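> Questions regarding the structure given below will be posed in turn.
The values are calculated or read from the model by the stated rules, or taken from the named source; none is laboratory data. Bear in mind the structure is a predicted one, so any value in this text is a computation, not a measurement. In this analysis, Cβ positions are derived from the backbone assuming ideal geometry, glycine residues included, and neighbour counts consider all displayed protein chains.
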Amino acid sequence: MGLWSRKSVAVLQREAAAEGEHGLNRTLSATNLMLLGIGAIIGAGIFVLTGNAAAQYAGPGVVLSMVAAGLACGFAGLCYAEFASMIPIAGSAYTYGYATLGELVAWIIGWDLMLEYLFGAATVAVGWSGNFVKFLAEFNIVIPTQWTDAPISVDALNNFSRTGATLNIPAMVLVALMTVILVIGIKESARFNNVIVFVKIAIIFLVIGFGFMYVNTANWHPFIPPNTGHFGEFGWSGVLRGAGVIFFAYIGFDAVSTAAQEARNPQRDMPIGILGSLGVCTVLYILMALVMTGMVHYTKLNDPAPILVAIQAAGSSLSWLRYAVEIGSLAGLASVVLVMLMGQPRVFFSMANDGLLPPIFGKVHPKFKTPYITTILTGTIAAIVAGLFPIGLLGQLVSIGTLLAFVIVCAGVWILRVRSPEIPRAFKTPLVPLVPILGILSCLGLMAGLPKDTWLRLVIWLVLGFVIYFAYSKSHSHIGRGATDHHVG
């Protein structure tokens with residue numbers, strides 16, 4: 001047993017079927033899962049990052065960035081759906097990597113997923129804070145910028161500077177509130193999320209419907225602004241970089257897979273939740289990007305609340321929509337934080353069950369049946385990160401970490417089809433190996449479009465992960481010690 005030890009699918013399926021005092025509650029329906037996915041996807045991407053990507057990288061061509069990112073996610077989503085129906089375990093991509101590529105790769109994914117879920121929650125909380133401060137200002141409630149901004153800022157060329165601020169307090173408070181809801185229970189969290197999802201979808205339909213009436217097609221020309229001479233600043237390279245950044249907008253469908261152990265009928269419901277949420281959101285994103293860049297010139301959209309900028313450009317005739325959008329974006333961003341903070345503790349839970357993290361990471365609350373220790377830990381770290389760092393830096397880190405996880409999941413489906421074709425699969429990824437290969441190539445392409453400094457931060461993060469693996473996890477691994485069926489409580 002070594003670095004490439006794999007956990008058999010049969011063992012994983014037995015663990016998924018096992019119920020008892022250490023188990024998580026199976027309370028989520030296909031509708032709950034789909035709404036969890038939509039709740040995670042529709043958030044910072046549509047309410048914050050679309051404007052950022054249009055203004056800094058792609059112009060109106062951000063619509064093409066949306067399509068490129070959606071395609072990459074579609075290929076990855078089909079691969080996730082096969083794994084989630086076959087191995088309905090809370091660990092998501094981490095567990096799939098353990099079954100196909102071995103323990104070291106599984107650890108890399110588990111460590112890498114922290115960039116997605118933990119840093120993702122922090123990123124969206126920063127976006128929420130920007131919207132919340134603007135909303136309060138309309139009622140003459142002004143919070144000093146010292147307590148609403150990150151102390152560090154980063155520009156499009158990844159140069160750091162001090163802002164003079166101390167902490168982003170609203171972002172930290174939001175993370176704390178969502179953490180409390182998640183500790184109380186998954187069913188309560190899902191109900192809270194369902195209400196918010198219906199609210200924000202209704203508001204997005206209103207913006208798209210009324211916004212198209214105020215589109216000025218001159219704002220779409222040139223659709224792809226000429227390149228400035230730097231890679232990633234407009235032109236086709238800008239569309240590519242925009243796709244890498246806007247990719248963050250699609251993250252969330254894979255968070256559905258972390259709730260597999262809490263799904264009533266995971267074999268049937270997981271593919272519906274993953275692919276259904278991704279399909280709905282892709283259509284809404286493309287329409288919203290067209291409306292926003294049509295209502296106002298893309299150069300004006302680099303704002304914490306770009307949808308409001310677009311609505312204000314329409315004049316007083318759409319002023320009634322402003323408050324609905326503000327409330328919808330606040331609620332929508334809050335639900336994304338909720339789902340991201342839900343995903344991370346469940347990855348920790350699975351890693352602790354495998355011995356790669358200390359047993360305390362696998363503790364389940366005796367009353368609420370939630371992984372409360374890891375939920376509190378995740379919330380605490382996410383709150384600190386949200387208080388200190390700006391949205392641009394965090395968004396790029398989250399994108400590159402997630403893309404790496406998607407590459408490994410796509411490769412895993414292909415490998416397991418070759419190695420173990422006889423395993424029953426409730427959902428089968430079509431056109432294997434074409435779909436996994438396209439998923440790998442498109443995700444690597446989006447990674448290539450991200451700044452080299454973001455790559456450097458990913459490498460540093462992975463090196464830190466390797467240190468922890470060889471210092472603790474390798475010697476405590478249950479597979480390494482020949483105890484594959486062991487559980488922690």
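> Sort through Phe361, Phe349 and tell me the only one that's touching a helix residue (DSSP H, G or I) at 6+ places or on another chain (Cβ under 9 Å), surrounded by 24 or more Cβ atoms within 10 Å (Cβ to Cβ), aromatic (Phe, Trp, Tyr) and outside any loop (DSSP other than H, G, I, E, B). Break it down stepwise before answering.
Working: Phe361 fails: surrounded by 24 or more Cβ atoms within 10 Å (Cβ to Cβ).
Of the residues listed, the single one that is touching a helix residue (DSSP H, G or I) at 6+ places or on another chain (Cβ under 9 Å), surrounded by 24 or more Cβ atoms within 10 Å (Cβ to Cβ), aromatic (Phe, Trp, Tyr) and outside any loop (DSSP other than H, G, I, E, B) is Phe349.
> Hey, another quick one. Among the residues of the stretch 172-187, is any of a type outside the set (D, E, K, R), within 24 Å of Leu28 (Cβ to Cβ), over 17 Å from the mean Cα position of the chain (by Cα) and not in a helix (DSSP H, G or I)?
For the stretch 172-187, residues of a type outside the set (D, E, K, R), within 24 Å of Leu28 (Cβ to Cβ), over 17 Å from the mean Cα position of the chain (by Cα) and not in a helix (DSSP H, G or I): present.
> Still on this structure, please answer the following. Within the stretch 86-132, track down each residue that is under 21 Å from Ala382 (Cβ atoms) and of a type in the set (Gly, Ala, Ser).
Ala90, Gly91, Ser92, Ala93, Gly110, Gly120, Ala121, Ala122, Ala125, Gly127, Ser129, Gly130
> Oh, and also: So Met342 fits all but one of (1) closer than 30 Å to Gly235 by Cβ; (2) in contact (Cβ under 8 Å) with a residue 12 or more places away in the chain; (3) in a helix (DSSP H, G or I); what number is the exception?
With (1) closer than 30 Å to Gly235 by Cβ; (2) in contact (Cβ under 8 Å) with a residue 12 or more places away in the chain; (3) in a helix (DSSP H, G or I) applied to Met342, the lone miss is (1).
> Restricting attention to the stretch 193-245, report how many residues are charged (D, E, K, R) and more than 18 Å from Ile286 (Cα to Cα).
Within the stretch 193-245, the first condition is being charged (D, E, K, R), and the residues that meet it are 200, 233, 241.
Subset that is more than 18 Å from Ile286 (Cα to Cα): 233.
Residues flagged as charged (D, E, K, R) and more than 18 Å from Ile286 (Cα to Cα) within the stretch 193-245 amount to 1.
> For the stretch 222-328, which fully contained helices (runs of 4 or more DSSP H) count at least 3 residues that are touching a residue at least 60 places away in the same chain (Cβ under 8 Å), farther than 30 Å from Met342 by Cα and within 26 Å of the chain's Cα centre (by Cα)? If you could, list the steps in order and put the result at the bottom.
Values: elements: 235-246, 266-295, 306-313.
It comes to 235-246, 266-295.
> Could you list, in sequence order, the residues of the stretch 298-312 that are more than 26 Å from Ala150 (Cα to Cα) and surrounded by fewer than 17 Cβ atoms within 10 Å (Cβ to Cβ)? Lay out the reasoning, then the answer.
To start, the set of residues in the stretch 298-312 that are more than 26 Å from Ala150 (Cα to Cα) comprises 311-312.
Across the stretch 298-312, the qualifying residue is only Gln312.
> Residue under question is Thr378, and the condition is that it be modelled with pLDDT of 90 or more, more than 30 Å from Ala30 (Cβ to Cβ), surrounded by 24 or more Cβ atoms within 10 Å (Cβ to Cβ) and of a type in the set (Val, Ile, Thr); does it hold? Outline the logic, then answer.
On the way: modelled with pLDDT of 90 or more: yes; more than 30 Å from Ala30 (Cβ to Cβ): no; surrounded by 24 or more Cβ atoms within 10 Å (Cβ to Cβ): yes; of a type in the set (Val, Ile, Thr): yes.
When the stated conditions are applied, Thr378 does not pass them.
> Among (1) on the phi > 0 side of the Ramachandran plot; (2) out of contact with any Leu (no Cβ under 9 Å at 6 or more places or on another chain); (3) at pLDDT below 85, there is one condition Pro366 misses while meeting the rest; what is its number?
Failed condition: (1).
> In the stretch 260-278, is there at least one residue being touching a strand residue (DSSP E or B) at 6+ places or on another chain (Cβ under 8 Å) and surrounded by fewer than 19 Cβ atoms within 10 Å (Cβ to Cβ)?
yes
> Just checking, does the stretch 389-402 include any residue being surrounded by 22 or more Cβ atoms within 10 Å (Cβ to Cβ), out of contact with any Phe, Trp or Tyr (no Cβ under 6 Å at 6 or more places or on another chain) and in a loop (DSSP other than H, G, I, E, B)?
There is at least one residue in the stretch 389-402 that is surrounded by 22 or more Cβ atoms within 10 Å (Cβ to Cβ), out of contact with any Phe, Trp or Tyr (no Cβ under 6 Å at 6 or more places or on another chain) and in a loop (DSSP other than H, G, I, E, B).
> Could you give me the residue pairs with C-beta distances under 7 Å whose first residue belongs to the stretch 25-38 and is in contact (Cβ under 8 Å) with a residue 60 or more places away in the chain, whose second residue is of a type in the set (Asp, Glu) wherever it lies, and which are 6+ apart or on separate chains?
The qualifying pairs are Asn25/Glu262; Arg26/Glu262; Thr27/Glu262; Leu28/Glu262; Ser29/Asp269; Ala30/Asp269; Leu33/Asp269.
> Considering only the stretch 406-444, how many residues are modelled with pLDDT under 85 and in a helix (DSSP H, G or I)?
Qualifying residue count for the region: 0.
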